[in-house]
Amino acid sequence: MGRKRLLLACVLALLAALPCAALARSDCAAPAAVCEARTGEAMPLVETGVPVRVLVDDADFPAVHRAAEALREDLAAVSGGTPDPASRTAIIAGTLGRSARIDRIVAAHGIDTTGVAGAWEAYLLQVVERPEPGIDRALVVVGADRRGTAFGLYELSRRIGVSPWTWWADVPPPRRQQLYVAPGRFTDAPKVRYRGIFINDEEPALGGWTRATFGGTNHRFYERVFQLILRHKANYLWPAMWQPRAFYADDPRNGELADEYGVVIATSHHEPMMRAHDEWSRFGKGPWDYARNDKVLREFWRGGIERLQGREAVVTLGMRGDGDEAMTEGTAIALLERIVADQRRIIAEVTGRPAEETPQVWALYKEVQDYYDKGMRVPDDVTLLFADDNWGNIRRLPDPADRRPGGYGVYYHFDYVGGPRNYKWINTTQVERAWEQMRLAWAHGVDRVWIVNVGDIKPMELPISAFLDQAWDPDRADPDWIARYPAAWAAEQFGPAHAPEIGEILTAYTRYNARRKPELVDADTWSLLHDREAERVLAEWDALEQRTLALAGRIPASHRDAWVQLVEYPVLASANLNRLHIAAARNRLYAAQGRASANRWADETRRLFERDAELQRLYEHGIAGGKWIHMMSQARIGYTHWQQPERNVLPPLAQVDVPERGVTGVAVEGDARGWPRPAQSPRVPPLDPVAATTRAIVVYNRGRQPVGFTARSTVPWLKVAPESGEVPDALELDLAVDWSKLSEGEHEAVVAIRGSDRTEVYVRVPVRKPPAHPGARGFVEGDGVVAIEAARHARAVPPPGGEWQEIPNLGRTLSGVTAWPATGPALEPGGDGARLEYPLVLDAAAEVEVRVVVSPTLDFRNRGGLRYAVSLNDGEPQLVNVRLDPTPGDRDFQAWERAVIDSVHVARSRHAATAGANTLKLWLVDPGLVFQRIEVVTTPRECGTLGPVESRRR
């Protein structure tokens, strides 16, 4: 196989990970597979640089004509040529019952339309011999409805290598001289009825960009949005609505064009009856209060339905307060029931049809969910749209056995404005977490609406694709699918050559950003004192940045603009932001300790602040001819509460008055203070031979001139290096214990440090040599803790009829483990029940605290919390209830707030442990929890945001 053919086979193998590309791995003979090499009876789509014609009937839907034109343009871009009008091969597309041409071909050739005819948005791809006079062979695209036909055409665009992000991320189509489509019958149809995005929180970035590029959010802008949605085979849009935006009122062509493309327009969770929020300030009169102004509101809403003029839409019912606030204090069930009844009456009157014939949703967002929980119901034909907590954790799901004609939906978030902090700037969504939560939704019967808040659209490209691809066929999106997705998506954008490595880079940066969203990162986030956390975090970002820059040199120049948008800017800007806050933390800590270098770290913080602006300038002006001006203007530095600052703000910095002469100072790990201090001696945390073989003692300079020092240990079994030297800035001493000279138990040494300026500091060094416990196997206690990643279990006993699944990368430090399926009943812990087992080696018998780190999953079945159980050895399993509630004032609200800030919840229980070998058992009780790690704490101590590093396993 030639190199080009091999590369194309590789990209097809990666694209097989996407539900939209139903191709066997590198199998060019699969029905309707598109490959560069001719296989068997394959039909040419491009031959010697000449593409086939794309034919549709004049009478077919405008949506079909627009999709056909898009495919023509894509074929021309891929081939570099134009069709031969005399060619006897073609792509013929049309809608059953609308295209006379397609109806004739289907009838004349006996084409099997099973699974297509009458199915929502279904399509068929099939090579047909002599479909009509003058055509010897054609790839026939048969659609059940207008979008079915369009999706078949957009699917072909994706199969010939054109990314859905070709315009939105400047991904150039690949050039191909030859492309062939395999014979055979291929059909496909979506599993979720309405699949789409919500453009929201669009100032200053998207708003500034649209004004500069299109003159506002007019039909020229929305045409690009519709194309993006349809190229992902999605069909549904909540338009931008931040004041002063109103989709229908801003540009009458917006609604017309949506209908021409076949995109279903709806309005957001707090915009009832097809009226944008801002329209009330323009056209409404009186208060936004149904109890006092119902007549005016009904006329206002009637206008929204009349304006549709019969176009396809999904109507939001209900009412929230003005500005997306609660409508009233308390639960106004009777009032809201009256509002819904009146709204449905208006729908029936305007359309002249029963209300149930117009698709409607009731969004159970924030306090509206309380109405539902307290018994409020709407007619069964209305879709119940459940919501997440704005942070990617779904609040409520239906019982899988409960079916209703209107079905269920989920409103999800990749972007949010609100507490505990806005997050809008960069992608912080792990596709693994969104996939896991939406898989839960699918398993519980949510198949009517999947809608996600994407903020400015950019830079959410990766999670948008993953969300919409999963929505097309959630059954196909299994754990292996999501594990391969980042590399498959990278292959779509950049080709197969570097796709696996690009996928790893995308996975890493989103994991690091998901640990603590950038808007929540500050000088206190990553610890300079415990577990060398700040150093570890910086090392990860440094390595990722170096890897990204090294790969950048191997990316073709044609893909440079896409590379910066999709990979380089997110990595470099995120790395820079974390460096900036750690530099500010060092400045403040060192100033408090009197270090002369504090001023240098202030300068470094300022440099990194300017570097952030430089990277933004590159994105907005240095690529794509300045196409993305304003798009990275969202403030991300300087938050002091939930709302964003007006602009990026340099963190507060300290300045030190530095004397000319050298002055000795000493700092130790785990303590923010500097020495010497009157009548006090510093003490490092205890050393042990497992997890704390050394501790940081730093000799630093408080002055401008170098200062000399000596360092001596008071005992022969502790060595210090170097024992003397000069310190221009700071020097960390290395401590080495000769464990062979120590008996088991507690010991202490002193390191005497003397400066050439006659400063003396005596550092106490406690040392603990634990019992050997020969023969014991497992994770070994060190530094007072055993830390274990959940995936490192020694034994996994599955639930009846189910299994334990590892979700790679879902977690702050490794991965997640969950039981599947998640729709079963609660289980009793104990006996031979479902559990994960972890062997431990503990120093001594003691009562220990077991901390289980879980993803912040909510009580989506409303059963009083999600429970698991823990036992040690043969002890009785102890139930632990994970209760997180995003409702302000609820007793579990603070736990929820802490959990979404940290992206995990830490649950605790206490147990009796024995010396030596122990077995910890983590019991499944309620399905749905995702376990990330376990920490068994014998000696409580302070630690960083991410917790201690994983323990050594013997």
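Show me the helices (runs of 4 or more DSSP H) entirely contained within the stretch 235-332 in which 2 or more residues are under 30 Å from Arg66 (Cα atoms) and touching a residue at least 40 places away in the same chain (Cβ under 8 Å).
The helices (runs of 4 or more DSSP H) meeting that bar are 252-261, 290-308.
Kindly indicate whether Val853 is in contact with a His (Cβ under 8 Å, 6 or more places away or on another chain), of a type outside the set (Asp, Glu), more than 30 Å from Trp435 (Cα to Cα) and crowded, with 23+ Cβ neighbours inside 10 Å.
no
Of the residues that sit in the stretch 341-367 and are in contact with a Phe, Trp or Tyr (Cβ under 8 Å, 6 or more places away or on another chain) and in a helix (DSSP H, G or I), which one is surrounded by the most Cβ atoms within 10 Å (Cβ to Cβ)?
Gln343
Are there any pairs, at least 6 apart or on different chains, whose C-beta atoms fall under 8 Å, with the first in the stretch 814-835 and surrounded by 22 or more Cβ atoms within 10 Å (Cβ to Cβ) and the second among the acidic types (Asp, Glu), and if so, which?
Gly816/Glu432; Gly816/Glu436; Gly816/Glu806; Val817/Glu806; Thr818/Glu436; Ala819/Glu803
Specify which of the listed residues (Gly670, Gly708) is on the phi > 0 side of the Ramachandran plot and either free of Cβ contacts under 8 Å to residues at least 60 places away in the same chain or not in a strand (DSSP E or B) (or both).
On inspection, the qualifying residue turns out to be Gly670.
Please identify the pairs in which a residue from the stretch 427-455 that is not assigned by TED's automatic domain parsing to the domain that holds Ser465 has its Cβ atom under 7 Å from the Cβ atom of a residue that is crowded, with 23+ Cβ neighbours inside 10 Å and among the aliphatic types (A, V, I, L, M), counting only partners at least 6 apart or on another chain.
Correct list of pairs: empty, since none qualify.
May I ask you to list the residues in the stretch 603-619 that are touching a Lys or Arg at 6+ places or on another chain (Cβ under 9 Å) and not basic (Lys, Arg)?
Glu604, Thr605, Leu608, Asp612
Could you give me the residue pairs with C-beta distances under 7 Å whose first residue belongs to the stretch 211-232 and is outside the structural domain of Pro164 (by TED's automatic domain parsing) and in contact (Cβ under 8 Å) with a residue 40 or more places away in the chain, whose second residue is assigned to a helix (DSSP H, G or I) and polar (S, T, N, Q) wherever it lies, and which are 6+ apart or on separate chains?
Once the first residue is outside the structural domain of Pro164 (by TED's automatic domain parsing) and in contact (Cβ under 8 Å) with a residue 40 or more places away in the chain and sits in the stretch 211-232, its partners that are assigned to a helix (DSSP H, G or I) and polar (S, T, N, Q) give Arg231/Ser157; His232/Ser465.
Can you report the number of residues in the stretch 74-91 which are loosely packed, with under 15 Cβ neighbours inside 10 Å and either free of Cβ contacts under 8 Å to residues at least 24 places away in the same chain or in a helix (DSSP H, G or I) (or both)?
1
Under the condition of being free of Cβ contacts under 8 Å to residues at least 60 places away in the same chain and among the charged types (D, E, K, R), which residue from the stretch 718-739 is nearest to Val690 (Cα to Cα)?
Asp738
Name, by its number, the condition in (1) in contact with a helix residue (DSSP H, G or I) (Cβ under 7 Å, 6 or more places away or on another chain); (2) outside the structural domain of Glu540 (by TED's automatic domain parsing); (3) farther than 30 Å from Asn701 by Cβ that does not hold for Tyr619.
Evaluating Tyr619 over (1) in contact with a helix residue (DSSP H, G or I) (Cβ under 7 Å, 6 or more places away or on another chain); (2) outside the structural domain of Glu540 (by TED's automatic domain parsing); (3) farther than 30 Å from Asn701 by Cβ leaves (2) as the failure.
Can you tell me which residue is farthest from Leu922 (Cα to Cα) among those in the stretch 872-893 that are outside any loop (DSSP other than H, G, I, E, B) and within 34 Å of the chain's Cα centre (by Cα)?
Here the answer is Phe893.
Return the residues of the stretch 137-151 that are in contact with a helix residue (DSSP H, G or I) (Cβ under 9 Å, 6 or more places away or on another chain) and either without any contact (Cβ under 8 Å) to a residue 40 or more places away in the chain or under 18 Å from Ala42 (Cα atoms) (or both); say none if nothing qualifies.
Ala138, Leu139, Val140, Val141
Can you tell me which residue in the stretch 162-195 is surrounded by the most Cβ atoms within 10 Å (Cβ to Cβ), limited to those that are touching a His at 6+ places or on another chain (Cβ under 9 Å) and on the phi < 0 side of the Ramachandran plot?
Pro164
Quick test for you: out of Ala189, Ala182, pick the one residue that is of a type in the set (A, V, I, L, M), touching a helix residue (DSSP H, G or I) at 6+ places or on another chain (Cβ under 9 Å) and at pLDDT 95 or above.
That would be Ala189, the only listed residue that is of a type in the set (A, V, I, L, M), touching a helix residue (DSSP H, G or I) at 6+ places or on another chain (Cβ under 9 Å) and at pLDDT 95 or above.
With respect to Ala487, is the statement that it is at pLDDT 95 or above and under 14 Å from the mean Cα position of the chain (by Cα) true?
No.
Output the number of the condition that Val192 fails; it satisfies all remaining conditions of (1) among the aliphatic types (A, V, I, L, M); (2) closer than 28 Å to Gln343 by Cα; (3) part of a helix (DSSP H, G or I).
In the conditions (1) among the aliphatic types (A, V, I, L, M); (2) closer than 28 Å to Gln343 by Cα; (3) part of a helix (DSSP H, G or I), Val192 misses (3) alone.
Answer yes or no as to whether Asp671 is outside the structural domain of Ala787 (by TED's automatic domain parsing), over 22 Å from Glu760 (Cα atoms) and at pLDDT 95 or above.
Answer is no for this residue.
Conditions (1) of a type in the set (Val, Ile, Thr); (2) under 16 Å from Gly184 (Cα atoms), marked per residue:
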| site | (1), (2) |
| --- | --- |
| Arg72 | no, no |
| Gly80 | no, no |
| Asp84 | no, no |
| Thr89 | yes, no |
| Ile92 | yes, yes |
| Ala100 | no, no |
| Gly118 | no, no |
| Leu124 | no, yes |
| Val127 | yes, yes |
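Could you list, in sequence order, the residues of the stretch 435-453 that are small (Gly, Ala, Ser) and either farther than 16 Å from Asp473 by Cα or buried (at least 23 other Cβ atoms within 10 Å of the Cβ) (or both)?
Ala441
From the residues in the stretch 687-729 that are of a type in the set (Asp, Glu) and closer than 15 Å to Gly665 by Cβ, which one is farthest from the chain's Cα centre (by Cα)?
Only one residue fits best here, namely Glu726.
Checking the conditions here, which among Ala70, Ala59 is in contact with a Ser or Thr (Cβ under 8 Å, 6 or more places away or on another chain), at pLDDT 95 or above and part of a helix (DSSP H, G or I)?
It is Ala70.
Among the numbered criteria (1) in contact with a strand residue (DSSP E or B) (Cβ under 6 Å, 6 or more places away or on another chain); (2) crowded, with 23+ Cβ neighbours inside 10 Å; (3) farther than 30 Å from Gly638 by Cα, which one does Arg396 miss?
Result: Arg396 passes all but (2).
Which count do you get for residues in the stretch 538-565 that are in a helix (DSSP H, G or I) and without any contact (Cβ under 8 Å) to a residue 60 or more places away in the chain?
Counting residues in the stretch 538-565 that are in a helix (DSSP H, G or I) and without any contact (Cβ under 8 Å) to a residue 60 or more places away in the chain gives 17.
Which members of the stretch 732-758 meet the condition of being assigned to a loop (DSSP other than H, G, I, E, B) and buried (at least 19 other Cβ atoms within 10 Å of the Cβ)?
Answer for the stretch 732-758, where residues must be assigned to a loop (DSSP other than H, G, I, E, B) and buried (at least 19 other Cβ atoms within 10 Å of the Cβ): there is none.
The values are calculated or read from the model by the stated rules, or taken from the named source; none is laboratory data. Keep in mind that what you see is a predicted model, and the values were worked out from it rather than measured. For neighbour counting, all protein chains shown are included, and Cβ atoms are generated from backbone atoms with ideal geometry for every residue, glycine included.
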